[in-house]
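The block underneath contains the structure these notes are about, expressed in structure tokens.
The values are calculated or read from the model by the stated rules, or taken from the named source; none is laboratory data. Worth saying up front: this structure is predicted, and the values here are computed from it rather than measured. Counting neighbours? That spans all protein chains shown, and the Cβs are built from the backbone with ideal geometry, glycine included.
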Amino acid sequence: MQLQIIWTLEDFEVLDDLLTLQYSRPIAVSVDIRMALPDEGTNGGGQPDFLCISTAEFKPTKPFRQQLATLPATATQVDFYWFDENNQSELEAFLRGVEASTREIVEILRWRSGAGGKQNPLRFRSTTLQLSPGRQISILQAVVIRRMWKAPYAFGEDFVQELRTLLQEIDGAPIAHSLLREARDLWLTNPRSSLVLSVAAMELGAKKCITNISPDTTWILENLQSPPAISMIYHVLPPLIDRSGKSAYLPLDEWKSILQRAVESRNVLVHRPRGKDDKSYRNAVQLLSPLRLEEVHQIVFDLLWLFDFYAGHNWAVKRLTAKTKQGMIDRNGGKALPDLP
């Protein structure tokens with residue numbers, strides 16, 4: 001993995017790449033990410049766009065080689081639609097794999113850096129099929145990453161080391177974070193869906209956290225009816241976390257009533273909406289106001305970062321809001337939170 005580090009966004013006007021990363025699931029790709037030039041981005045907003053170039057090697061099968069043999073020896077590129085239908089299908093499946101790998105590497109980078117932005121920040125620009133003299137095909141896929149990081153941003157050496165480890169060890173960024181970003185996107189336009197996704201993110205995150213800490217619970221949580229999410233968070237998790245010496249970072253008690261109401265409102269709105277004259281329905285709808293939904297989002301965001309922390313990612317504590325950190329200090333009698341490696 002070749003990586004140049006400690007560059008800020010101001011440097012990108014003269015330096016070629018922000019970083020080069022490699023990832024192998026589902027297709028092995030090498031990804032170069034740099035700041036997009038004005039004609040490469042999507043314009044607008046105070047945050048810059050980034051250009052992501054994914055490179056993957058496609059090994060032609062015999063039918064491919066037979067068709068490629070008909071090209072002039074000087075040809076350096078080939079159009080996708082030049083291939084016959086069978087070869088197109090095989091190549092299209094490979095291209096989908098390249099796209100999936102690109103999305104995964106961007107999602108892991110986004111999760112590790114705590115970047116914001118829309119649920120889907122990627123805008124695919126172009127795909128180039130390059131031919132080597134030996135008639136091997138290199139796939140170059142250009143993707144615009146829309147305004148995910150705020151300037152100035154630096155990727156330090158510690159960040160790079162952690163990112164390298166993550167890319168080697170995990171299968172992708174936590175799905176719960178993706179669900180919550182999607183909920184955030186729908187905050188104003190579809191608040192009911194936003195609430196449903198927020199609760200789903202909390203439930204999925206809690207289950208995944210417990211299976212990470214205690215792998216012997218995996219089969220039970222995946223195959224049998226699980227305890228309610230609030231019970232898992234406030235009754236199942238604490239003993240597991242106490243064993244790991246992270247009890248100072250337990251979820252705040254004041255979250256419990258808000259999260260419980262979010263779960264109950266989700267259940268009413270999804271399973272038995274009765275109309276405006278139903279008291280339960282009216283109470284559930286109240287939670288869909290922008291301010292109350294924002295409070296749910298923020299608590300679930302902090303919960304997910306705590307879940308990541310419990311799973312061994314100490315850097316996730318830095319993503320907690322100042323309000324949450326202060327609440328933990330107050331709970332600890334005003335004592336500072338313990339230092340983390």
| Failed criterion for Leu186 (all others in (1) over 22 Å from Glu294 (Cα atoms); (2) outside the structural domain of Arg25 (by TED's automatic domain parsing) hold) | (1)
| Which of the residues spanning region 49-108 are of a type in the set (Gly, Ala, Ser), in contact (Cβ under 8 Å) with a residue 24 or more places away in the chain and within 25 Å of Asp171 (Cβ to Cβ)? | Ser54, Ala56, Gly97, Ala100, Ser101
| Can you pull out the residues in region 253-273 that are in a helix (DSSP H, G or I), farther than 14 Å from Met232 by Cα and of a type in the set (D, E, K, R)? | Arg261, Glu264, Arg266
| Boolean, Leu167 is assigned to a helix (DSSP H, G or I), under 17 Å from the mean Cα position of the chain (by Cα) and at pLDDT 85 or above | yes
| query | When region 305-341 is examined, which residues are found to be assigned to a helix (DSSP H, G or I) and of a type in the set (D, E, K, R)? | reply | Asp308, Lys318, Arg319, Lys323, Lys325, Asp330, Arg331
| said: Please count how many residues of region 181-201 are over 19 Å from Trp305 (Cβ atoms) and of a type in the set (A, V, I, L, M). | reply: 4
| message | Among the listed residues Lys279, Lys256, identify the single one that is surrounded by 11 or more Cβ atoms within 10 Å (Cβ to Cβ), among the charged types (D, E, K, R) and either out of contact with any His (no Cβ under 7 Å at 6 or more places or on another chain) or within 20 Å of Trp187 (Cβ to Cβ) (or both). | response | Lys256
